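The values are calculated or read from the model by the stated rules, or taken from the named source; none is laboratory data. Predicted, not measured: the structure shown is a model, and the values here were computed from it. For neighbour counting, all protein chains shown are included, and Cβ atoms are generated from backbone atoms with ideal geometry for every residue, glycine included. We work out accessible area using only protein heavy atoms, side chains counted, and drop any ligands, DNA or RNA first. Shrake-Rupley method; radii C 1.70, N 1.55, O 1.52, S 1.80 Å.
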Amino acid sequence: MEFDFTALEPDSRYRLLTNFVGPRPIALVTTRSAGGRSNAAPMSFFNVFSHEPPIVVLGIQPRASGQEKDTVANIRRTGEFAVSMVDMALAQQMLVCGLAFDSDVDELEMARLPAAPCARIDVERIASSPCTFECRVERLIDYPRRVLVLGEVVHMHVRRDCLDPAGRYVNPEAYQPIARLHADNYITSDRQFVLKAPAIADVLKASGRAE
């Protein structure tokens, strides 16, 4: 089957992109409302963009009404946000945070998620998350129905069991984030395996191009 994206309606483009580009890591984004409350919302248009500088990116669309989401409004006003990763222990609470609450509702309270202060920004983070990135806005890129948020990571919290004893590498037995596949289907990283690239000399030899 062939799909001409220049002629395809938005709903079909969304369905095809999100069905086949996955799994997509979930950012549970916390911000501070104008009234001082915590806002929390899950985002699956999310990834790490660069390590130098350390940048993560969020793609956030408006509400069905066209109104900007609370997360975007808060980020525009404060220039700060935190990204907490989600594991199976947080999965149901993450879904609660994604419900369409009024702007003055504290989603962390509604989801009964324990909050903790961030170290370098005025945002509450999810204390039980395996890791959280504290971010300051590096830039916002506005499209007609989408805003790309590039955030510079200024601090990171990692649950101790998610790293090896030296604090250098991830412990795959403890850090098992979930990610979104398509529709309401998710995947967890509890089935991990190692892939190592072959030596380039071996590949050249097998292809008959070795000198």
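If one puts a single equal scatterer on every Cα of the range 133-180 and applies the Debye formula without solvent, what log₁₀ I(q)/I(0) results at q = 0.14, 0.16, 0.29 Å⁻¹?
For the requested q values the scattering log ratios are -0.57, -0.67, -1.00.
Expressed as an acute angle from 0 to 90° and rounded to the nearest 10, what is the orientation of the C-alpha long axis of helix 10-20 relative to the principal long axis of the chain?
So the inclination is approximately 50 degrees.
Rounded to the nearest 10 Å², what accessible area does Val48 have for a 1.4 Å probe in the complete protein model?
100
Projected onto the charge dipole of the chain (+1 at Lys/Arg Cβ, -1 at Asp/Glu Cβ, origin at the Cα centre), which of Met110, Thr6, Ile126 gives the Cα projection farthest towards the positive end?
Towards the positive end, the residue furthest out is Thr6.
Hey, could you get me the Stokes-Einstein D for the chain, Kirkwood radius over alpha-carbon pairs, 4 °C and 1.567 mPa s, rounded to whole µm² s⁻¹?
On the way: Rh = 18.9 Å.
Translational D for this selection: 68 µm²/s.
Under a 1.4 angstrom probe, counting protein chains only, how are Lys205, Lys196 ranked by accessible area, largest first?
Output order, biggest surface exposure first: Lys196, Lys205.
Tell me, what is the 1.4 Å probe accessible area of Tyr169, in Å² to the nearest 10?
For Tyr169, the solvent-accessible surface is approximately 140 Å².
Tell me the net charge near Ser65. Cut-off is 15 Å between Cβ atoms, Ser65 excluded, with +1 for each Lys or Arg and -1 for each Asp or Glu.
Neighbourhood net charge equals 0.
With the dipole of the range 30-187 worked out from charges on the C-beta (+1 for Lys and Arg, -1 for Asp and Glu) around the Cα centre, which of Ile178, Ala40, Ser50 lies farthest toward the positive end?
Ser50
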